[in-house]
């Protein structure tokens, strides 16, 4: 085998190896991207859920305050408290 043939064979072997490495790296990169997208979606979902929890906690606090006011309210305050409760439960 002459030098030209040896170099061609060597390069063909390296090219096959490199192409295989490229395919493997692309597969890993796609999988990493998919995981990153899933994690991003999970993070956004968690954030939205915690925001909902915070909103509900605020609503509960307000409702408890209105309930306490209603229990102690005279007839003259009932109508204004009713309006606040209506806004709260809407």
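Treat the count of other C-beta atoms within 10 Å as a stand-in for reagent exposure and order 16, 82 from fewest to most.
The most exposed by this proxy come first: 16, 82.
Relative to the longest principal axis of the C-alpha atoms of the chain, give the angle of the C-alpha long axis of helix 75-89, reported between 0 and 90° and rounded to the nearest 10°.
10
With a point put 7 Å past each Cα toward its Cβ, work out how far residue 46 is from residue 2 in nm, to one decimal.
6.6
In deg cm²/dmol, rounded to 500, what helix-only [θ] at 222 nm does the chain give when every DSSP H run of at least 4 residues adds -39500 (n - 2.57) and the total is split over its residues?
Computed ellipticity for the chain at 222 nm equals -35000 deg cm²/dmol.
Region 1-40: percent of C-alpha pairs farther apart than 12 Å?
Taking all Cα-Cα pairs of region 1-40, the fraction more than 12 Å apart is 67 percent.
How large are Rg and Dmax for the chain when only the alpha carbon atoms are used, in Å?
Using the Cα atoms of the chain, the pair Rg, Dmax is 33.6, 109 Å.
Using the alpha-carbon atoms, what tilt in degrees (0 to 90, nearest 10) does helix 3-72 show relative to the longest principal axis of the chain?
Once rounded, the angle reads 0 degrees.
Using a Förster radius of 41 Å, what is the FRET efficiency between residue 60 and residue 18 based on their Cβ-Cβ separation? Nearest 0.05, please.
0.10
Taken together, the values in this text are just the output of simple stated rules run on the coordinates, not laboratory data. Just so it is clear, the structure is predicted and the values come from calculations on it, not from any experiment. Cβ coordinates were reconstructed from backbone atoms using ideal geometry, including for glycine residues, and neighbour counts include every protein chain displayed.
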